[in-house]
1. Measure off 7 Å from each Cα along the Cα-to-Cβ vector at Lys133 and Glu104, then give the distance between these two points in nanometres to one decimal.
2. With charges set only on the Cβ (+1 for Lys and Arg, -1 for Asp and Glu), what does the dipole of the range 78-140 come to about its Cα centre, in debye to the nearest 20?
3. Mind listing the long-range amide H neighbours of Thr137? Cut-off is under 5 Å, sequence gap 5 or more, other chains count too, H placed in the peptide plane at 1.01 Å from N.
4. By the scheme Lys and Arg +1, Asp and Glu -1, what is the net charge of all other residues having a beta-carbon under 13 Å from that of Leu90?
5. If R0 is 30 Å, what FRET efficiency do you get for Glu165 and Arg48 from their C-beta distance, rounded to 0.05?
6. In terms of modelled amide H atoms, which long-range or inter-chain residues lie less than 5 Å from the amide H of Ala29?
7. Taking 7 Å along the Cα-to-C-beta vector as the label spot, tell me the Ala87-Asp34 distance in nanometres, rounded to one decimal.
8. Where does the charge balance sit around Val78 when Lys and Arg score +1, Asp and Glu -1, over other residues with C-beta under 15 Å from its C-beta?
Amino acid sequence: MLKYSIPDQAKITHHSDEEIQFEAIAGQAGVTDDGVLISPETIKASSRWLLGRPVTLGAVGSPAGASNAVGQVDSVEVQEGGELKVAGTLWPQKLSRQQLQSMEGAERPLKAQAGFFLMAMPESGTWEGKSYKEKATGLQYDHLSLVLPEMKGHSAPTREDELRELERSWEARLGRKC
């Protein structure tokens, strides 16, 4: 089952017509809501799985694919406290006008969540005052999701967005890079 990290801070570092650069904290060590310990060591050992993964926009959902990817993760780095810091690129040609406008103010904070598949084994204990019943042995990252402040919940796509999505799906079916 696909799980998500706790939403954390992300920011736009560069915005142009060709590409948009961002930095984010994709995850951190701790105990999940369902009682699984994700240790700094597990994050460090699994961080490579996030490199090159797709970036999506909006609320978290199902696994990411080429049809809903709007960017990719370019670099990963595990910080001292077990935080997983990432940097990546968004492709403006895959974003709607509304999404581009909401990103133009680079000072506005975004939220980031990493989607991953969890491998765990039974183990009980406490970590920083929180009890857990399982310990993660590995994380297989699927994608990174960025949530724009103005895009809470679902927003209906414009006709232009629908046509671009249709064009991308046809290009993908024909085997062309989109």
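What follows draws every value from the coordinates through simple rules; no lab data is involved. Just so we're clear, the structure is a prediction, and the values are computed from it rather than from any experiment. Cβ atoms come from the backbone with ideal geometry, glycine included; neighbour counts cover every protein chain shown.
1. 5.1 nm
2. 280 debye
3. Met119, Ala120, Met121
4. -4
5. Between Glu165 and Arg48 the formula returns 0.45.
6. Those qualifying (amide H under 5 Å, at least 5 residues apart or on another chain) are Glu83.
7. The answer from the label model is 3.4 nm.
8. Every neighbour counted, the sum reads -3.
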